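Taking it in order: structure first as structure tokens, then the write-up.
The values are calculated or read from the model by the stated rules, or taken from the named source; none is laboratory data. The shown structure was predicted, so the numbers you read here are calculated from the model rather than taken from an experiment. So basically every Cβ, Gly included, is an ideal-geometry build from the backbone, and we count neighbours across all protein chains shown.
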Amino acid sequence: MPDDMVEAHINGVRNAVAAGWRVLERGGAALDAVEEAVVIMEDDETFDAGRGSFLNRDGKVQLDALIMEGATLRAGGVGCVERLRNPVRAARKILSESPHVYFVSEGAERFAVEHGCELCRNEDLIIPREIERLRQYQAEANSQGKDLFAPAVSHDTVGAVALDGDGNIAAATSTGGTLNKAPGRLGDSSLIGCGCYANNESAAVSTTGWGEPIMKLVLAKWTADRIAAGNMPEWAAQEAMNYLQQRVNGHGGIIVLNTEGKFGIAHNTPRMAWAYKTTETQDAGVERGQ
Ligand code: ASP
């Protein structure tokens, strides 16, 4: 995250917390809270989710999202969708209204339309900043004969975890994926247990970062299992980042919450925007546990 984007990121995650909190305050479910929080960040062009996402190799936005409920283990995911402003809304429809868990591409868009979501044009999701970012990256990669896949550059997937008054937890994650990814490439974000996981018996988890290493470790589930074994979320979040680095040389960030309201935030990148609110306290920032 470059210096000049720090404020926008902090404002973005604060707005997301406020939206989630509005749901919880009126006695709403954690599941609704994480959906509303993620919608705010999908709508915010600052982040790599919804409009303003990184572009794939063909200059298109291709989005992935997952939402999961800890009480029931119901989950809904979409992958490689190109015409949905809020993929997390479609994921929620899958969770609530389908016997299936995961839809991709045109099938996901068709399901979304049949369940009340509107389609947009792919161009509606593209902003000039991202056209320029892709152009610069491809020019540099071509001139240096570099790998055209861009794992080392900025990651900006969004995610939320919440605990409601009934003691239930939920998680949601949404992304435009990695800059210059191959069309059809799916990252960790929308895969259960990789970029997102929620189980009342362990924890709600959302991850961001370079998707391939995170997938290889099934990192969200790995972290939740540490909590089920009796560890604290703060420790498990940091351990997950250590494991990611040591085992597969990956980088990213993670948010973790258990049913007691204990949470952890960690990243092994220089920065990751985060914000939280509890009945007692609230805070936001871009550096943690370094
Ligand atoms: N985790 C995402 C992916 O690999 C990218 C990101 O976090 O920016 O698709």
With criteria (1) in contact with a Phe, Trp or Tyr (Cβ under 7 Å, 6 or more places away or on another chain); (2) within 15 Å of the ligand (Cβ to nearest atom); (3) assigned to a strand (DSSP E or B); (4) not basic (Lys, Arg), Ile265 comes up short on (2)
Among (1) touching a strand residue (DSSP E or B) at 6+ places or on another chain (Cβ under 6 Å); (2) under 25 Å from Leu257 (Cα atoms); (3) within 16 Å of the ligand (Cβ to nearest atom), Gly12 falls short only on (1)
Cβ pairs under 9 Å, 6+ apart or interchain, first in the stretch 136-149 and of a type in the set (Phe, Trp, Tyr), second modelled with pLDDT under 80, ordered by first then second residue, are Tyr137/Leu148; Tyr137/Ala150; Tyr137/Val153
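Here is a yes/no grid of residues against (1) assigned to a loop (DSSP other than H, G, I, E, B); (2) charged (D, E, K, R); (3) crowded, with 18+ Cβ neighbours inside 10 Å:
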| position | (1), (2), (3) |
| --- | --- |
| Asp4 | no, yes, no |
| Gly12 | no, no, yes |
| Met41 | no, no, yes |
| Ala65 | no, no, yes |
| Gly79 | no, no, yes |
| Arg83 | yes, yes, yes |
| Ala90 | no, no, yes |
| Ile94 | no, no, yes |
Just one listed residue, out of Ile169, Ile255, is surrounded by 20 or more Cβ atoms within 10 Å (Cβ to Cβ) and either among the small types (Gly, Ala, Ser) or farther than 19 Å from Phe47 by Cβ (or both), and it is Ile169
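Quick one: in the stretch 162-193, which of the residues that are away from the ligand (no atom under 16 Å from the Cβ) and assigned to a strand (DSSP E or B) is nearest to Ile265 (Cα to Cα)? Full working, then the answer.
Taking the stretch 162-193 as the starting set, the residues that turn out to be away from the ligand (no atom under 16 Å from the Cβ) are 162-170.
With the extra rule that they be assigned to a strand (DSSP E or B), the set shrinks to 162-163, 169-170.
Working: Ala162: 13, Leu163: 15, Ile169: 16, Ala170: 16 Å.
Filtering the stretch 162-193 for residues that are away from the ligand (no atom under 16 Å from the Cβ) and assigned to a strand (DSSP E or B), the one nearest to Ile265 (Cα to Cα) comes out as Ala162.
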